[in-house]
1. Using 0.36 nm times the number of residues separating Asp27 and Asp4, minus their current alpha carbon distance, what extension gain do you get?
2. What percent do you get for the relative contact order of the chain when only Cα pairs under 8 Å and 6+ apart count?
3. Using +1 at the Cβ of each Lys and Arg and -1 at the Cβ of each Asp and Glu in the chain, identify which of Leu181, Ser32, Leu78 lies farthest towards the dipole's positive end.
4. Taking N as the number of residues in segment 24-67, what value does Rg over Cα atoms divided by 2.2 N^0.38 Å take?
5. Near Phe137, within a Cβ-to-Cβ distance under 10 Å, what is the net charge of the other residues, with Lys and Arg +1 and Asp and Glu -1?
6. What is the distance, in nm, between label points placed 7 Å from the Cα along the Cα-to-Cβ direction at Tyr211 and at Lys166?
7. Placing +1 at every Lys and Arg Cβ and -1 at every Asp and Glu Cβ, with all other atoms neutral, what dipole size does segment 83-170 have around its Cα centre, in debye to the nearest 20?
8. Return the distance in nm (one decimal) between the two label points of a simple spin-label model at Thr140 and His234, each offset 7 Å from Cα along Cα→Cβ.
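Only the coordinates and a few stated rules stand behind these numbers; no lab work does. In this text, all values refer to a predicted model and were calculated from it rather than measured experimentally. Cβ coordinates were reconstructed from backbone atoms using ideal geometry, including for glycine residues, and neighbour counts include every protein chain displayed.
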Amino acid sequence: NKYDEFVIKKDGLHRGKGVYVQNNDFDNNLESIESLDLGSSTLIVEEKLYGEEYSLMSLVDYGNNIVHFPPIRDYKRLENNNLGCNTGGMGCVIDANNTLPFLTKEDITTSQEINEIIIQKCNNNLGNYRGILYGSFIKTAKGIKIIEYNCRFGDPESIIGLNLLKNNFYTICMDFCDGNLKSLDFSQNASICVYVVPKTYCRQSEKHNKYDLYFNENLENEITYSNIEILDNHFYSLNSRCFAITISSNNLYNCYQKIYNKLSNINGYIHY
């Protein structure tokens, strides 16, 4: 019975790589579980959920006003077709009209309301919570479930979220501090973000030093830099995610075509 399957999580912060899923990362036997890199961490065992995952970030200001980002789908697995090891995030996607194909308006409203309930519980039990609450959700046959929360922007979801944001971010920060945050306005375009990583990324037995990155076109407006080194105007990949490319358009297929055309113009010891 697939509903008897489970997930093992390391407690604490593990850069998005502390989760092991039955029948993806281990089999249901002691030998397989003992082969995992669990270290001395405290472990959390949870039900394995089947469905479509997405993130929804909310911002609560000093006046206790709550505003929401649209739902964005993160892709954690290293390889295509949801295979390979869990990563910090290989990219993300949002459809046109600030939604995702598998979500209804009611689903999005429900997710927003869940975030608001969690913020209120934090306020009741921990004092006033202010800042970003990043909810990780999954839509299952049994309804919408919570996977986890983080007190920060989602990565890479924040790249798409902030790219689509029409408001001036400085003004948002000032309104946040003054308790005057009213609403966020987002472009209705579809968008895709793809991380470029070294070929050794997420393969712990392999490390590399620096490798050359060659850009055959100017991608300055589409790139968000991460774990790279720039020396004399030349780019070198390091050991973690190098950079993300983000494209927006009126539909997802246009984004898909444009972003992979651009990725084909980058050469180096890379994977995406």
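1. Working: separation 23, 0.36 × 23 = 8.28 nm, distance 1.26 nm.
Gain on extension, Asp27 to Asp4, equals 7.0 nm.
2. Details: 524 pairs, mean separation 48.9, N = 272.
After rounding, I find 18 percent.
3. After comparing all options, I get Leu181.
4. Details: Rg = 18.2 Å, N = 44, 2.2 N^0.38 = 9.3 Å.
The value comes to 1.97.
5. On the way: positive: Lys139, Lys145; negative: Glu52, Glu53, Asp107, Glu148.
Summing Lys and Arg as +1 and Asp and Glu as -1 gives -2.
6. Here the modelled spin labels are 4.2 nm apart.
7. Working: 8 positive and 8 negative charges, 28 e Å.
That gives segment 83-170 a dipole magnitude of about 140 debye.
8. 5.2
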